[in-house]
């Protein structure tokens, strides 16, 4: 299961209802975070022509494009921001303003989308490091659902991310596969659960995961077991989630350890954030965005690994109260394979005592 660089134009695109109205508002976070921005050779040629004809200029004396020996082609950066990003009132990207969205490098066209493609189509969640995506957590109302045919996510667009179309279903645990229909139901019911009961969402999700852990193929139909597991989780007498200091520290340590050395300072600043407390509804929406389209389910060693990834998001959210900083660390700075390695340790023991 690997990230597929090929563009996907799927038959179905599924997103959370909280993200269904997303549209770039040119906040510029992706342009000003000092990230290397690769550009494909075909797009470089297009940009070179626009520059040569005077249609696009840069915002500094820094070279517009940098060729790394035996490495990628990058857009120029000056003081941490892309040389095509305007900071004045009009703001935004000069490339996009002059030549349109399709002229942008692939990395720019995809941000803040996080996608996974499996036999049913593509599922897309958003990184709330993007201020526009973050604002949706406050602006939307009503329960979080999984929707398709959202106008902002048409099937004719490109979606790049984890490609699981030719893979077996996710693992229940290291010795047992799930079934696709069963996994899709788990994902849908988990979104409902964490949104409806945000303060006790993680203990309840753990109850469902541990109940499912005992399923074996050839016994009861998996979908029936999944439904019973989440029905049980919804009524279990679990306390509100109050992680102790050691648990929070473990999640912070895991996140830090997965961040490459060159991004450690950025991760430390993000994890040092202490924003005002979040409303319950926003907490539930943040958790739902990590339950859904979650790579850990496909690349991890079982449902406990998937649960651990959601718990990590909840823990960093408890530490920072900032969904943007949580996603900066987990979705952008940390190496995903390093995170999976650490989260997969959860497969060794129950994440909560099974009722």
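Structural remarks
- Residue within segment 13-29 that is at pLDDT below 95, more than 21 Å from residue 124 (Cβ to Cβ) and out of contact with any helix residue (DSSP H, G or I) (no Cβ under 8 Å at 6 or more places or on another chain) present: yes
- The set of residues in segment 17-42 being part of a helix (DSSP H, G or I) and more than 22 Å from residue 91 (Cβ to Cβ) consists of 17, 18, 19, 41, 42.
- Consider segment 227-247 and keep the residues that are buried (at least 16 other Cβ atoms within 10 Å of the Cβ) and under 24 Å from the mean Cα position of the chain (by Cα). The one that is nearest to residue 188 (Cα to Cα) is 230.
- Flag if residue 193 is crowded, with 16+ Cβ neighbours inside 10 Å, in the same structural domain as residue 318 (by TED's automatic domain parsing) and assigned to a strand (DSSP E or B): no
- Looking across segment 325-344, the residues that are out of contact with any strand residue (DSSP E or B) (no Cβ under 8 Å at 6 or more places or on another chain) and surrounded by fewer than 22 Cβ atoms within 10 Å (Cβ to Cβ) come down to 332, 335, 336, 337, 338, 340, 341, 342, 344.
- Of all the listed residues (228, 204, 269, 304), the sole one being within 17 Å of residue 179 (Cα to Cα), out of contact with any strand residue (DSSP E or B) (no Cβ under 9 Å at 6 or more places or on another chain) and in a helix (DSSP H, G or I) is 228.
- Test for residue 347: is it under 26 Å from residue 119 (Cα atoms), over 20 Å from the mean Cα position of the chain (by Cα) and assigned to a helix (DSSP H, G or I): yes
- Residue-level analysis places residue 217 outside the set of residues that are under 24 Å from the mean Cα position of the chain (by Cα) and over 12 Å from residue 189 (Cβ atoms).
- Filtered residue count, segment 101-115, keeping only those that are closer than 15 Å to residue 129 by Cα and in a strand (DSSP E or B): 2
The values are calculated or read from the model by the stated rules, or taken from the named source; none is laboratory data. For clarity, every value in this text was computed on a predicted model and none was experimentally measured. As a convention, Cβ positions derive from the backbone with ideal geometry for all residues, glycine included, and neighbour counts pool all protein chains shown.
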